[in-house]
Amino acid sequence: MKILITGTAGFIGYHLVKKLSGKGLEIVGIDNINDYYDVNLKYARLEDTGILREEIEEGKVVKSKKLQDYSFIKMDLKDTNEVNRIFKKYKFDQVCHLAAQAGVRYSIENPKAYIESNLNAFANILEGVRNHKTGHLVYASSSSVYGLNESMPFSTHHNVDHPVSLYAATKKGNELLAHSYSYLYGIPVTGLRFFTVYGPWGRPDMALFKFVKNILEGKPIEVYNFGKMERDFTYVDDIVIGIEKVLSRPPEGNPDWNGMEPDPSSSISPYKIYNIGNGKPVNLMDFIGVMEKSLGKEGDKKMMPIQPGDVVKTWADTKDLENDTGYRPSTPVETGVKNFIDWYREFYLSENVD
C-alpha cells in the first residue's frame, strides 16, 4: 500500500513518518521546506529520517538512508502540474495531507501565503485524489476553527462559522472543500482538528519552544492575556497515534444524517471530522509552572494583552474519536514538557551539535 504524506519536513509529518515506517507501507513524503521558521530544523528532521540534505533537489526523489520504505520529494504543492505528475506516477492508496502555512498571528501579516498554501495547494491535493482515484484522504484541520464558540468542550457537532483568524478560516475552508469533493465524487475524507500540538522537534513559533529558549537564555517570556488563557495541550505522539487509527478507518456515509438538523461532523457522503486533543485544558500559568519545574529555572514573565486572532480557551471533546477508534490521547503535560526540554537540550545545547 502506498501513502502520500505531505509536510514531512514539518513537526507532525516528521513524527508520522517515523510512526508508520516498518508497517508495510510505501511512504512518499513531500515538503517545500519554506522559510517560515528555521529551515535547519526542517532539514534536521529530514536527516533524522535518513533524507540527506545534500541530496535534496527540487523535484528529485530521495531515498531514505535509514527507512527503507520512505522516499522524499522537495516540491511545492501549489504547482498543479507537479502534483498531478506525482499522483499519476505513484497511484497512492491513501493520502495524509499535513502540509500548510501554519501560525495564527503570521496570517494577519501575510494573508496571501495562507490563501496559496492552505487553499490552492489543498485544491490540488483534492484534484489529485479525484483524478487518480486515490482512496482515503486524511487532512489536518485545526482547533482554531472554533473561533468565537464559547460552548465547552469544543465538539465537532458544533457550528464553526465564526473564525477569528485567516488561518482558521482557511482550515474551515479545507473542511468545506473536502465535503464538496466527498459528496460529488464519493471520496472518503477525514478532517482532524488538532489541539495545540507540542513535543520534541516542535515548531520554534510555538509557546513551549519560545518559553524554553528564552528562559534558558535569560530573556523574558511574553505571557498573553496576562496569563488568563487555557489550552488543550496535546503531545505529538498522541496526535500521530490518532492519525494512524483514523487512516485505517475510511468513513462511510452517515445513514442517520438529517438535512433538517445537519450534523457538521458527518454527512450522507463519506465524510467525517474528529477532534484530536488531550481533553484536559491546562491553565497557561500552570503550564509555565510545569516547564519551570522541569527546567529548574524560573522565567521572567512579561504580562501582555491578548493578541489578535487568539482565543482565551480551547478544550477538545474527543468522544467521537474514542467511540470510533477506541483511542483517547492521554499523555500528561508533565511528561510531554520534560520530553521536549530533554530534546531541546540535546539538540541545541549539546556539545556534539555544530
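The values are calculated or read from the model by the stated rules, or taken from the named source; none is laboratory data. Just so it is clear, the structure is predicted and the values come from calculations on it, not from any experiment. In this analysis, Cβ positions are derived from the backbone assuming ideal geometry, glycine residues included, and neighbour counts consider all displayed protein chains. Accessible surface is based on the protein model in full, side chains and every heavy atom, while ligands, DNA and RNA are left aside. Shrake-Rupley method; radii C 1.70, N 1.55, O 1.52, S 1.80 Å.
Side notes on the structure shown:
- Considering only residues in segment 124-137 that are open to solvent by 30 Å² or more (accessible area, probe 1.4 Å) and touching a residue at least 12 places away in the same chain (Cβ under 8 Å), the one that is nearest to Ile187 (Cα to Cα) turns out to be Arg130.
- Taken together, Ser21, Ser64 contain a single residue that is in contact with a strand residue (DSSP E or B) (Cβ under 8 Å, 6 or more places away or on another chain), free of Cβ contacts under 8 Å to residues at least 24 places away in the same chain, over 24 Å from Asn124 (Cα atoms) and surrounded by 17 or more Cβ atoms within 10 Å (Cβ to Cβ), which is Ser64.
- Count - residues of segment 163-219 that are of a type outside the set (Gly, Ala, Ser), in contact with a helix residue (DSSP H, G or I) (Cβ under 9 Å, 6 or more places away or on another chain) and closer than 30 Å to Asp342 by Cα: 21
- Some residue of segment 46-53 being more than 20 Å from Ile12 (Cα to Cα), at pLDDT 95 or above and in contact with a strand residue (DSSP E or B) (Cβ under 9 Å, 6 or more places away or on another chain): no
- Among the residues of this structure, Asp76 counts as one that is within 25 Å of Ala123 (Cα to Cα) and either at pLDDT 95 or above or touching a Pro at 6+ places or on another chain (Cβ under 8 Å) (or both).
- Scanning segment 175-205 for residues that are among the hydrophobic types (A, V, I, L, M, F, W, C), open to solvent by 30 Å² or more (accessible area, probe 1.4 Å) and either over 28 Å from Asn124 (Cα atoms) or in contact (Cβ under 8 Å) with a residue 24 or more places away in the chain (or both) turns up Leu177, Trp201.
- The number of residues in segment 35-46 that are open to solvent by 10 Å² or more (accessible area, probe 1.4 Å) and under 16 Å from the mean Cα position of the chain (by Cα) comes to 3.
- Segment 333-351, subset closer than 20 Å to Asp38 by Cβ and of a type in the set (A, V, I, L, M, F, W, C), residue nearest to the chain's Cα centre (by Cα): Phe340
- Within segment 289-311, residues that are closer than 28 Å to Gly147 by Cβ have Cβ atoms under 8 Å from residues that are of a type in the set (S, T, N, Q) and surrounded by 13 or more Cβ atoms within 10 Å (Cβ to Cβ) in these pairs: Met304/Asn225; Pro305/Asn225; Ile306/Asn225; Pro308/Ser165; Gly309/Ser107; Gly309/Ser165; Asp310/Asn225; Val311/Ser144, counting only partners at least 6 apart in sequence or on another chain.
- From the options Ala140, Ala169, Ala121, residue that is surrounded by 17 or more Cβ atoms within 10 Å (Cβ to Cβ) and within 14 Å of the chain's Cα centre (by Cα): Ala140
- Qualifying residue in segment 71-82 (condition: aromatic (Phe, Trp, Tyr), closer than 30 Å to Gln307 by Cβ and either touching a residue at least 40 places away in the same chain (Cβ under 8 Å) or in contact with a helix residue (DSSP H, G or I) (Cβ under 9 Å, 6 or more places away or on another chain) (or both)): no
To keep it simple, each residue is scored yes or no on (1) open to solvent by 30 Å² or more (accessible area, probe 1.4 Å); (2) free of Cβ contacts under 8 Å to residues at least 12 places away in the same chain; (3) more than 20 Å from Lys18 (Cβ to Cβ).
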site: Glu58; (1), (2), (3): yes, no, yes
site: Ile86; (1), (2), (3): no, no, yes
site: Tyr90; (1), (2), (3): no, no, yes
site: Gln94; (1), (2), (3): no, no, no
site: Ala99; (1), (2), (3): no, no, no
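Each row is one residue, and each column tells you yes or no for (1) within 17 Å of the chain's Cα centre (by Cα); (2) charged (D, E, K, R).
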{"position": "Ile239", "(1), (2)": "yes, no"}
{"position": "Asn254", "(1), (2)": "no, no"}
{"position": "Glu261", "(1), (2)": "no, yes"}
{"position": "Pro270", "(1), (2)": "no, no"}
{"position": "Ile288", "(1), (2)": "no, no"}
{"position": "Ser294", "(1), (2)": "no, no"}
{"position": "Thr318", "(1), (2)": "yes, no"}
